[in-house]
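The values are calculated or read from the model by the stated rules, or taken from the named source; none is laboratory data. A quick note: this is a predicted structure, and the numbers were derived from the prediction, not measured. Here the Cβ positions follow ideal geometry from the backbone for every residue, glycine too, while neighbour counts run over all protein chains shown. What goes into the accessible areas is simple: the full protein's heavy atoms, side chains included, and nothing from ligands, DNA or RNA. Shrake-Rupley method; radii C 1.70, N 1.55, O 1.52, S 1.80 Å.
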Amino acid sequence: MVRLELMAGEQADAVAAAARKLTPLVEVEALPGLVSISAPGRLTVSCSDVSEELGEPWDTRQLQVILANYTGFITKMNEEGVELRWMEDQARVGESKELGGKAGHGAG
Amino acid sequence: MAQADTDRPSVREATQQTIQEQYKEFTRDLTWEPTYVAREDMYPPEHAEGVYFKDWDKFDDPFRLYYKDYVRVQEKKEQGLHMVFDHAARYDFLSRVEETWLEGMKLFACGQGQTEYETCKDHMAIARYSPAPALRAAALYQSIDELRHAQNYAHYLRYANRKLPGFSGWATLFQNHWLYQGIRDAFEDLLTANPFEAIIGANVVLEIGFTNLNFVALPTVGAANYEHAWAQLQLTTQSDETRHMAIGQAMMRTLLEADERNLPILQDWLDKWTWRLYRVDALGGSIFFDYFAKNKVMSYKEAFQKYFVDDFIGGLLNDLGPHGLKEPRFLQDMLDEMDVTSHLVWKYLYQRKKMLWFKTFQPDEEDIVWLKEKYPGWQELVGDFWDDVRAGKDVDNLGLVPVCHLCHVACIFHSPDRPTLRGPIEYDGRQYWFCSPGCQWIFEREPQKYLQDKTIVDLALEGKVPADLDEFLKFSGITDPSLGGDLYANGSGNGSGRSNGSGAP
């Protein structure tokens, strides 16, 4: 599993919603003060999806403010968004959605 | 607060550069070849020793952070945190915190700041001397992070100290109090380690393995006990740790991919630091989950399994197992201790409650039901002890106990197949005892380092620490003995019934 744990609030909810768009198997769990967003193998969040949810511009600098914890390896953190995965899953990357990409099946 | 930075355009917006381009410009491109000093004078070779790696430019920071963005992100974090503190002070949130948890805060808050400051010093050296440009930049931010944490814990002490006793005098307590010797020693070990060993110890083992327990799991327990200001402090601290974790992961991966000779070196450091830091976490962290929390969320055993074993060890092996990395050498010993750890610590502290600056207490009926459910061997382990307490027996024990020569923690931990004391081994005609196979192994790897280290018992026997109990308490930083004792017993902790003259633990 890869996971983002965010300080609970409007932004965390928007990130969770954005994560669902690119990673169908995402699981969202509410803990006291935290929102945990996890998925098997790979988790991607697009900044433009989060911006759309929030109705205003949002980028990964704002993610850093609320990012309490993560599990996985950060393979992308740029203006497009953030991507977490474990390296063993690299072989499967071709099958799942890239940030900004179109086709594919969810990882795992 | 999802506001965009519309007031000030970022460099990115102003220049249309990508994050990658800006990162390169503001970190790598600030590196130059020295002309009027030799490169070895600028970056002393000992700061690049200990691992096999040639092309330091290959190392990268996954967050691609550069200074201007760093400041903007951190400014927002600070605004968020201090808003919570202002709010908590204005509406007197402290008065609503569960009283048991508040006693724990005295232990946690008085110790936390100094550990952050030690890590700050560690990273200042890496920021100045490391051969890798990306690491120098990341270590600079990390040293500022750690300073921010240290100052925020000082701020928390100030916030709490305005209302309650037990939150002052942290510098003396951390330096001299017997309960802090283990954690102080572990951080001094880190500070005097090879710089790459320090990154594995701090950024991998501490910040991925143990901060998850103390800065993610524990704030949820703190929040359940109504300490929201502290919970937010832990989360904002941890939000910086995520960057440090990424550096640690990237460092391990880069070294393993670069040269297979790095594998045994990294495995060795992983083995050492997982045990070293586990021991102080078992002493300091376990009792928050199982005892200080009136409203219990998860047991230490459960939190350890989820955050340390499944997330940290599982993740690390998932990621780096293909490179040959194996689970830490003493993981099984940790798991074997899980059923007894917090209970032995709590009993140990309750027996020494007159030597503390926070109060301990007996678990009530509701606590005991929970403890027995989470730890089926609880009754057998400490049930009689608490029955004696309830029957009014004097269970205090202020005498000397053996202290481990490696971790400086009292030798109180045992598991089904392992006694509390291990040794002795001899060096220069002197005997050394340990609390565990892990500590003995670490000692024997580097005896020259640890032979120089004296425990508080050594110092007491040499007469360098007062033997008289009142003097010993003053030395330890206990200015008001009534701060210790039993939370629920009237008149306890006032110094009555001290059993013997020896002050050391």
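Structural remarks
- Under 5 Å between amide hydrogens, built in the peptide plane, is the criterion, and for residue A:68 it picks out A:5, A:6, A:7 among residues at least 5 positions away or on other chains.
- Å² per residue, accessible surface of the range A:2-89 at 1.4 Å: 32 Å²
- Cα-based shape type of the range B:88-159, given that a ≥ b ≥ c are square roots of the gyration tensor eigenvalues and the cut on a/c is 1.5: prolate
- Cα gyration tensor shape for the range B:368-423, rounded if a/c is under 1.5, else prolate or oblate: oblate
- If the Kirkwood radius is taken over C-alpha pairs of the protein assembly as shown, then at 10 °C and 1.306 mPa s the Stokes-Einstein diffusion coefficient equals 62 µm²/s.
- Scalar couplings 3J(HN,Hα) for the range B:370-387, obtained by applying the Karplus form with A = 6.51, B = -1.76, C = 1.60 to θ = phi - 60°, are 5, 4, 5, 5, 7, 10, x, x, 4, 4, 5, 6, 10, x, 5, 4, 6, 5 Hz; x denotes Gly and Pro.
- Contour excess over end-to-end distance, with Cα ends at residue B:20 and residue B:121 and 0.36 nm allotted per residue: 33.5 nm
- Vicinal HN-Hα couplings computed from phi for the range A:58-66 (Karplus, 6.51 cos²θ - 1.76 cosθ + 1.60; Hz; Gly/Pro x): 8, 9, 5, 5, 5, 4, 4, 5, 10
- For residue A:73, the residues 5 or more places off, or on other chains, whose built amide H falls under 5 Å of its own are A:85, A:86.
- The residues of chain B present an accessible area of 39 Å² per residue when probed at 1.4 Å with all protein chains retained.
- Chain B: angle of helix B:133-161 to the longest principal axis, Cα-based, in degrees nearest 10: 30 degrees
- Take each residue in A:26-38, count the other chain C-beta atoms within 10 Å of its C-beta, and the mean is 3.
- Other-chain or far-sequence residues with amide H under 5 Å of residue A:34's (modelled H): A:8
- In the range B:230-265, the residues whose accessible area drops by at least 50 square angstrom when the other protein chains are added to the isolated chain are B:235, B:242, B:249, B:253; the probe is 1.4 Å and only protein heavy atoms count.
- Portion, in percent, of the accessible area of the range B:68-126 that falls on carbon or sulfur, probe 1.4 Å: 53 percent
- Portion, in percent, of the accessible area of the range B:157-292 that falls on carbon or sulfur, probe 1.4 Å: 52 percent
- The range B:381-434 - charge dipole about Cα centre, Lys and Arg +1 at Cβ, Asp and Glu -1, debye rounded to 20: 140 debye
- Peptide A:51-62 has a mean of 4 when you count, residue by residue, the C-beta atoms of other protein chains within 10 Å of its C-beta.
- Remark: accessible area buried at the A-B interface is about 3200 Å², both chains counted, probe radius 1.4 Å.
- Note on residue B:54 and residue B:161: with the Förster distance fixed at 45 Å, the Cβ-Cβ geometry gives a FRET efficiency of about 0.30.
- For the segment B:207-218, counting C-beta atoms of other chains within 10 Å of every residue's C-beta and taking the mean gives 2.
- Listed peptides B:89-99, B:62-72 by packing density, highest first (mean Cβ within 10 Å): B:62-72, B:89-99
- The share of accessible area on the range A:2-89 that comes from carbon and sulfur is 49 percent, using a 1.4 angstrom probe.
- FRET efficiency, 1/(1 + (r/R0)^6) with R0 60 Å, evaluated for residue B:89 and residue B:305 via beta carbons: 0.95
- Those lysines that a straight Cα-Cα span of less than 16 Å connects to residue B:76, excepting residues fewer than 8 apart in one chain: B:68
- Once the Cα atoms are used to define both axes, helix B:99-129 deviates from the longest principal axis of chain B by about 30 degrees.
- Each residue of the range B:324-341 was assigned a 3J(HN,Hα) from its phi angle through the Karplus curve 6.51 cos²θ - 1.76 cosθ + 1.60 (θ = phi - 60°); the sequence is x, 5, 10, 4, x, 3, 10, 4, 5, 4, 4, 5, 5, 7, 3, 6, 10, 3 Hz, with glycine and proline shown as x.
- Under 23 Å from the Cα of residue B:347 - lysines, other chains or at least 8 residues apart: B:106, B:294, B:296, B:301, B:359, B:372, B:374, B:393
- Mean-position separation - Cα centroids, the range B:17-49 and the range A:1-39, in angstrom: 38 Å
- Packing, taken as the mean count of other beta carbons within 10 Å per residue, orders the peptides B:314-326, B:41-53, A:51-63 from highest to lowest as A:51-63, B:314-326, B:41-53.
- R0 of 56 Å, Cβ-Cβ distance residue B:39-residue B:393: FRET efficiency to nearest 0.05: 0.20
- Packing-based order for B:377-383, B:440-446, using average beta carbon neighbours within 10 Å, highest first: B:440-446, B:377-383
- Entry note, chain B: the mean residue ellipticity at 222 nm calculated from DSSP H runs of n ≥ 4, each adding -39500 (n - 2.57), is -16000 deg cm²/dmol after division by the residues and rounding to the nearest 500.
- Under the shape rule built on the C-alpha gyration tensor, where the axes satisfy a ≥ b ≥ c, the range B:121-191 is oblate, since a/c reaches at least 1.5 while a/b does not exceed b/c.
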